[in-house]
Structures are given as structure tokens and as C-alpha cells.
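The values are calculated or read from the model by the stated rules, or taken from the named source; none is laboratory data. Not measured: the values here are computed from a predicted model. Here the Cβ is made from the backbone with ideal geometry for all residues, glycine too, and neighbour counts use every protein chain on show. When the accessible area is computed, the model is the full protein with side chains, heavy atoms only, and any ligands, DNA or RNA have been set aside. Shrake-Rupley method; radii C 1.70, N 1.55, O 1.52, S 1.80 Å.
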Amino acid sequence: MNHMEKIIPYLETHAGRFEEELKSLLRLASISTDPKHQSDIEQAAHFVHDQFKKIGFATEIMATDGHPVVYAEWLHASNQPTILVYGHYDVQPPDPLDLWTTPPFEPTERNGNIYARGATDDKGQLFTHIKAVESWIKTEGSLPVNIKFLIEGEEEIGSPNLDPFIQQHREKLSCDIAVISDTSQFAPGVPAITYGLRGLAYFELSLEGPQQDLHSGGFGGTLTNPANALATIISALHDENGSITIPGFYDEVLELSKEERQRWSQLPFDEKGYQDHMGVSGLFGEKGFSTLERKWGRPTCDVNGLYSGYSGEGSKTIVPAKAGAKISCRLVPHQDPKTIAQGFKKLVSEICPTGIRLSIKEFHSSPAVLVPVDSPAVQAAARAIEQGFGKWPVFMRHGGTIPVVTTFQEILNVDTLLLGWGYPDDNTHSPNEKFCLASFHNGIRASASLWQELAVEKLS
């Protein structure tokens, strides 16, 4: 029986209400990094909790050492797989406010999009799954699979309390497959399944020279300038071909297969449009690879921030006492963040000039993720997306990192379906964040179909 024949009319009838409910959630300035928005965080958690309560899910707001987790479950499908849906109700700060066309927490419709902070990251995409389970319960009285929801409020600050929460509640969160919608389609009109994510190793360098800033005329040329030393270190991280010089960096890299490179080369990628969207005059990267290959399947090393000396108006002639940089490496499958960290520290320590006190701080790290595209769950998701968006999806990797995917692998021993409904130009983390309303509704339809398709696969 095709249950979608009853579900689709329900989705069409209630489409306007779904949009208005999403707008209500988007009006809550649930900025996790700012204590002034604690009440908004709490209201957002309760809003999501109430959505589940209204449709009959068992749901609770669970405390952590930071912002609360909303947990909900429907476990009435005997002998069927259990799906864990992850999302987050917190958002990034909206700054700079003067670059927003309309206020970030006053959801506004323009050109078929809804503009607001959190529209696509992640409230809008998360909401598609909530409305999808509602459609099943309201039309069929139940769901064809067992579903659990884990919705946190700290993703935008690195989820500091999520791993301990999952470890503590691993039996409660046990499942056969996880689902996350916090990525994007390949392009408008080109739905996609993301089957790979790059990993991450993140460092901060601190270089100290003299005990205080010194007059560059009186002292310059007699000691090592920390800013100059930092420039020396950074310039040594890459060679003239764009390759990374960290010892052992490429030793364990999983090379791209011929089939994968051919598949990516056939995607409708507009290199000039990509360049223009970023506002740059040219592209650069590791020699011997295309832009998409460098973006998705090759490791990187990038300076994320620099600080030293005087940066105010006019001039101030000093030798700065300190300099520093934040540097991240995006990793591909088989690279070990710990091994990369060892090589990074070795190279930087050897290059650092005399007269400098160097310290290297390690931040969060995560290995890369790769899911076989021919797995039953991925193929079920592809069929669901075809029903929701009217096209069979392309298969792509993503250059970013979603650490919870690794956590699910390591603690719950499950793979994750990364089903993004957004567009690459949705301005995630930027002013004028948006979400295409057509994609919002197509995502609900795809999600509703997904539960039926996963039941057919009998994953458990």
C-alpha cells in the first residue's frame, strides 16, 4: 500500500500552517553563545517539545551542563528499524546587523524564500522531519518505523555537552540508522545525498618575544619579531604547488577512485559562477585536482585568524611582543587527527626561529566520514528524495565537518544519512540567511516518504 497517497493531500492542505509554525520558531533568537538569550533558548526548546507533544510523541526536555536537549520518541512499530533524527534549535549570532535586508528574527518572505537567522541552519530543515512524522500520525495513526529525535541547543558553540549526553544515554538513543538534515542540495533543482564529510584538526599558535612591545627604531633588527616569525611559519605550511608540507600529512589519505572523479566531473558545476559567488578573481588549490575534488576529497590547511601588533588607524612603529594564529586542517578518510597534530607540532617547532617562546594549543578534532552509496539506507533515501523533489539525487561529499556523525559511529555504532534540503547560497552563518519554501515543502514530502522506504529495507 502506498501510504503517500493519503499523506500528500494532508501536506498540501496544511502547507500554510507549517510555514507559520516555522516562522514562530524562527522568531526566537536562540543564540547559544550569548547568555543574554537564555530565555530564547529555553523558549525554543519548549516550542520544539510542544510540537512533539501535540502529535502524541513521548517527549521530554533533558538537562545538560549547558543548554537542554529535547528528546522525543515513537516506538510502536514492531519488527521495524529504529531511526534517530538529529537536529539543533540554536542559531548563530546575526551580526553584522546592518547587512541584513530585513531583521534576522522577523521571518520575511521574498522571491520564494524565507529569510531569517536559522531558516536553513537548522530550524527549517529540522522542522521538515517534525512535520513529516505529524503527517503520518494524523493520516495513518502511526509510523511505519520507530523514530527517535535528539535535538540539542549547543551545535553552534561546538556541542560541548553532546558527547557526554550521548554516552550517558546510549541505550536510550540506540538505533539502526541516524538522519541529519543540516547540509544542502548540490544546486537548485539538483537534490543530493551527502555520503562523505571531511574531518578536522584545529590549532592555535602563540608566539612570544620581548616582554612588551618595543620601539622598532630602537630595537628592530636586534631580536626576532614574533609577527615575522609567525609569517615564516605560515609560509612554510604549503609548497609552490599548494601541497601541504606537514610531515606524513598525505601518508594515509584515501585517494579518489577513477569512478568517483568521473562522477563528480559530470555534475553541473559552474566554476565561473562559484568564483563570482565568492567575489574572487581566480581559484587556487592543490595541483592536479579539480575544484570539486579539492573541495570534497582532498585535505587542506588554512589560517583562520591572525593577531599581532598594531592594527588601528595610522602608524605605530613597534616590534610586537606577541603574535598568534588559528589554523585548521580539513581531513579526508583514513587521516588520523592525532597523527596530523603530531606532524603539525613537529614542523612548526622546527621552523620557529630562535628567540621565540612557542606554544601550540589543540582544539576539537574529528576524523572524516564516508558512507557507501550502495548501502540499503542510502538507496532508500534516494528513492524518498525522488518522490519528494521529483528527481533522483546526485551523490556528493561535503567539505565541512559534522562531529556528531563521528560520535554516532563511535558510541552508537551507526551510520548517518545526510539529507540536506538547503541551497549552497543560503548564507548559512551570514547575513540574509534564507531557505527556499519549495525546498521546505519538498523536504517534508521526502522525509515522509523516507520512513516508508526505510521500513521496506528492514534495516534492523
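Checking Pro333 against (1) touching a Ser or Thr at 6+ places or on another chain (Cβ under 9 Å); (2) open to solvent by less than 60 Å² (accessible area, probe 1.4 Å), only one condition comes out false. Which one?
In the conditions (1) touching a Ser or Thr at 6+ places or on another chain (Cβ under 9 Å); (2) open to solvent by less than 60 Å² (accessible area, probe 1.4 Å), Pro333 misses (1) alone.
I'd like the residue in the stretch 3-15 that is without any contact (Cβ under 8 Å) to a residue 24 or more places away in the chain and farther than 20 Å from Gly124 by Cα and, out of all such residues, is surrounded by the most Cβ atoms within 10 Å (Cβ to Cβ).
Pro9
Given the criterion among the β-branched types (Val, Ile, Thr) and in contact with a helix residue (DSSP H, G or I) (Cβ under 6 Å, 6 or more places away or on another chain), identify the matching residue among Val404, Val414.
Val414
If I filter the stretch 343-378 down to residues being free of Cβ contacts under 8 Å to residues at least 12 places away in the same chain and assigned to a helix (DSSP H, G or I), which single residue comes out as nearest to Lys326 (Cα to Cα)?
Per the stated criteria, the residue is Ser349.
Go through (1) under 24 Å from the mean Cα position of the chain (by Cα); (2) within 16 Å of Ala119 (Cα to Cα); (3) touching a residue at least 60 places away in the same chain (Cβ under 8 Å) for Phe18 and report which single condition fails.
Every listed condition holds for Phe18 apart from (1).
Matching residues to (1) assigned to a loop (DSSP other than H, G, I, E, B); (2) farther than 23 Å from Arg330 by Cα:
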position: Leu143; (1), (2): yes, yes
position: Phe149; (1), (2): no, yes
position: Ser159; (1), (2): yes, no
position: Arg170; (1), (2): yes, yes
position: Asp182; (1), (2): yes, no
position: Gly218; (1), (2): no, yes
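Filter the stretch 42-75 for residues that are surrounded by fewer than 16 Cβ atoms within 10 Å (Cβ to Cβ) and among the charged types (D, E, K, R) and give the result.
Asp50, Lys53, Lys54, Glu60, Asp65
Restricting to the stretch 388-403, count the residues that are outside any strand (DSSP E or B) and modelled with pLDDT of 95 or more.
Residues in the stretch 388-403 being outside any strand (DSSP E or B) and modelled with pLDDT of 95 or more: 6 in total.
Against the conditions (1) open to solvent by 60 Å² or more (accessible area, probe 1.4 Å); (2) of a type outside the set (Ser, Thr, Tyr); (3) closer than 26 Å to Ala229 by Cβ; (4) touching a strand residue (DSSP E or B) at 6+ places or on another chain (Cβ under 9 Å), where does Glu350 fall short? Just the number, please.
Condition (4) is where Glu350 drops out.
For the list (1) open to solvent by less than 40 Å² (accessible area, probe 1.4 Å); (2) at pLDDT 95 or above; (3) part of a helix (DSSP H, G or I), I need the number of the one condition that Ala455 fails.
It fails just one condition, (2).
For every residue, the table says whether it meets (1) part of a helix (DSSP H, G or I); (2) more than 18 Å from Arg27 (Cβ to Cβ); (3) of a type outside the set (Asp, Glu); (4) in contact with a Leu (Cβ under 7 Å, 6 or more places away or on another chain).
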position	(1), (2), (3), (4)
Gln43	yes, no, yes, yes
Val48	yes, no, yes, no
Asp98	yes, yes, no, no
Ile114	no, no, yes, yes
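With Gly288, Gly242, Gly309 as the choices, which residue is at positive phi, surrounded by 15 or more Cβ atoms within 10 Å (Cβ to Cβ) and more than 26 Å from the chain's Cα centre (by Cα)?
Every option except Gly309 fails the conditions.
Which pairs have Cβ atoms under 8 Å, sit 6 or more apart or on different chains, and link a residue in the stretch 22-42 that is closer than 15 Å to Ile151 by Cβ to one that is open to solvent by 70 Å² or more (accessible area, probe 1.4 Å)?
As it stands, the answer is Leu28/Gln43; Ser30/Gln43, since those pairs meet every condition given.
Is it true that Ile327 is surrounded by 13 or more Cβ atoms within 10 Å (Cβ to Cβ), at pLDDT 95 or above and either of a type in the set (Gly, Ala, Ser) or touching a strand residue (DSSP E or B) at 6+ places or on another chain (Cβ under 8 Å) (or both)?
yes
Take the residues in the stretch 354-366 that are at pLDDT 95 or above and open to solvent by 40 Å² or more (accessible area, probe 1.4 Å); name whichever of them is farthest from Val253 (Cα to Cα).
Only one residue fits best here, namely Gly355.
Mind checking which residues of the stretch 66-95 are within 21 Å of the chain's Cα centre (by Cα) and assigned to a loop (DSSP other than H, G, I, E, B)?
Gly66, His67, Pro68, Tyr89, Asp90, Gln92, Pro93, Pro94, Asp95
Test Ile385 against the criterion of being at negative phi, part of a strand (DSSP E or B) and among the hydrophobic types (A, V, I, L, M, F, W, C), and give yes or no.
No.
I need the full set of residues from the stretch 288-325 which are in a strand (DSSP E or B) and closer than 27 Å to Gln409 by Cβ, in order please.
Matches in the stretch 288-325: Asp302, Asn304.
Does Lys295 satisfy being among the basic types (Lys, Arg), touching a strand residue (DSSP E or B) at 6+ places or on another chain (Cβ under 9 Å) and open to solvent by 30 Å² or more (accessible area, probe 1.4 Å)? Reasoning before the result, please.
Working: among the basic types (Lys, Arg): yes; touching a strand residue (DSSP E or B) at 6+ places or on another chain (Cβ under 9 Å): yes; open to solvent by 30 Å² or more (accessible area, probe 1.4 Å): yes.
Yes; evaluated as a whole, the condition is true for this residue.
Residues Ser24, Ser39: which one is assigned to a helix (DSSP H, G or I), open to solvent by 30 Å² or more (accessible area, probe 1.4 Å) and over 27 Å from Ser439 (Cα atoms)? Steps first, answer last, please.
Numbers: Ser24 fails: over 27 Å from Ser439 (Cα atoms).
From the options Ser24, Ser39, the qualifying one is Ser39.
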